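Inspection log for the structure reproduced underneath, given as structure tokens.
Any read-out appearing in this document is the output of simple, stated calculations on the displayed coordinates, not a laboratory observation. All of these numbers come straight from a predicted model, not from anything done at the bench. Backbone-built Cβ (ideal geometry, glycine too); neighbour counts: all protein chains shown.
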Amino acid sequence: MKNDSLFATVAEMPQLSPASRVWIYTTARPLTDAEQAQLLPELQRFVQHWTAHNAALKATAEVFANQMIILVVDESQAGASGCSIDKSVHFLEQQSEALGVDFFDRMRFGWVNEMGQIVFNARDEFALLKVTGTVTDDTLMVNSLAANLSEMKEKWLIPLGKSWHNRVI
């Protein structure tokens, strides 16, 4: 499976610097179509008005694979500050509450199953999949810790044996 075919959404993002900062949040369950319809306009409104020290941030946001929210800030225009990052966290906390989903479980692992679908499991569930051989060191993992757009595009999927996930299971 090629990274670019799985994550075509990145290519469709507005012209952003490869050094743009990225934050990836996963949900404990897939968002329904109705929830995405509610969330997407809120995400767009947030990034259109997102500022750092009263300077507009060049940013975009996407819902991907029904279970991930991706925020991207091109800092060539204005840098994201601690306060602006806090604003994004508070915004996502509000959306979590409104939708009844948790966007802040960092031990939720996305991986590509044998049918080419992204599947999400809690760390303990995933560890059992490793023990039973359902996943192996070659299983492609979603790199939810990508720091910038370049890394996300180039290392969107990483084999389990080379990913951060392997260290925590």
- If you place +1 on the Cβ of every Lys and Arg and -1 on the Cβ of every Asp and Glu, how big does the dipole about the Cα centre of the chain come out, in debye to the nearest 20? 340 debye
- Query: Can you list the HN-Hα couplings for the range 140-146, worked out from phi with the Karplus curve (6.51, -1.76, 1.60; θ = phi - 60°), rounded to whole Hz and with x for Gly and Pro?
  - Reply: 7, 10, 6, 7, 6, 9, 4
- Task: Could you calculate the FRET efficiency of residue 123 with residue 55 from 1/(1 + (r/R0)^6), where r is the beta carbon distance between them and R0 is 30 Å, rounded to 0.05?
- Result: 0.20
- Given that just one value was derived from the coordinates, which of (i) 9.7; (ii) 11.1; (iii) 21.7 is mean projected area of the Cα convex hull in nm²? (i)
- Query: What value, in deg cm²/dmol to 500, does the helix sum -39500 (n - 2.57) over DSSP H runs of n ≥ 4 give at 222 nm once divided by the residues of the chain?
  - Reply: -11000 deg cm²/dmol
- Task: Would you mind pulling out the separation of the Cα centroids of the range 85-138 and the range 19-75, in Å?
- Result: 17 Å
- Query: Quick one: putting +1 on the C-beta of Lys and Arg, -1 on the C-beta of Asp and Glu, what dipole do you get for the range 76-152 around its Cα centre, in Debye to the nearest 20?
  - Reply: 120 debye
- Note on the structure: For residue 77, the residues 5 or more places away or on another chain with a placed amide H closer than 5 Å to its own amide H are 58
